[in-house]
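Written out below as structure tokens is the structure these notes cover.
Readers should treat all values here as calculations from the given coordinates under stated rules, not as data from a laboratory. Everything numeric in this text was worked out from a predicted model, so none of it was measured. Cβ sites come from the backbone with ideal geometry, for glycine too, and all protein chains shown count toward neighbours.
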């Protein structure tokens with residue numbers, strides 16, 4: 001059980017806990033309760049894109065779930081559209 005007040009920005013496991021200044025307990029509970037994804041970090045990088053956005057500062061942004069492999073900051077990636085066309 002997690003007690004929270006989103007408007008005030010806190011979440012705690014116990015109402016007797018006097019520190020109500022963060023959502024750390026909520027985030028810790030999520031990490032404990034939800035299993036890590038089952039993927040192959042050494043395989044080819046594959047990601048199912050669920051949303052695309054363009055930004056004048058960052059360029060094209062792809063949001064989705066990685067199915068295998070890994071992506072790090074600064075990596076160059078290609079996107080394959082529904083028509084099979086590759087975008088860099």
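Here 27, 48, 62 are placed in order of increasing Cβ neighbour count within 10 Å, fewest first, which gives 48, 27, 62. On full extension, the segment bounded by residue 17 and residue 73 gains 16.4 nm, given 0.36 nm per residue less the C-alpha separation. Every helix of 4 or more DSSP H residues in the chain counts as -39500 (n - 2.57), and over all residues that averages to -3500 deg cm²/dmol at 222 nm.
As a proxy for reagent exposure, ranking 66, 34, 71 by other Cβ atoms within 10 Å from fewest up yields 34, 71, 66.
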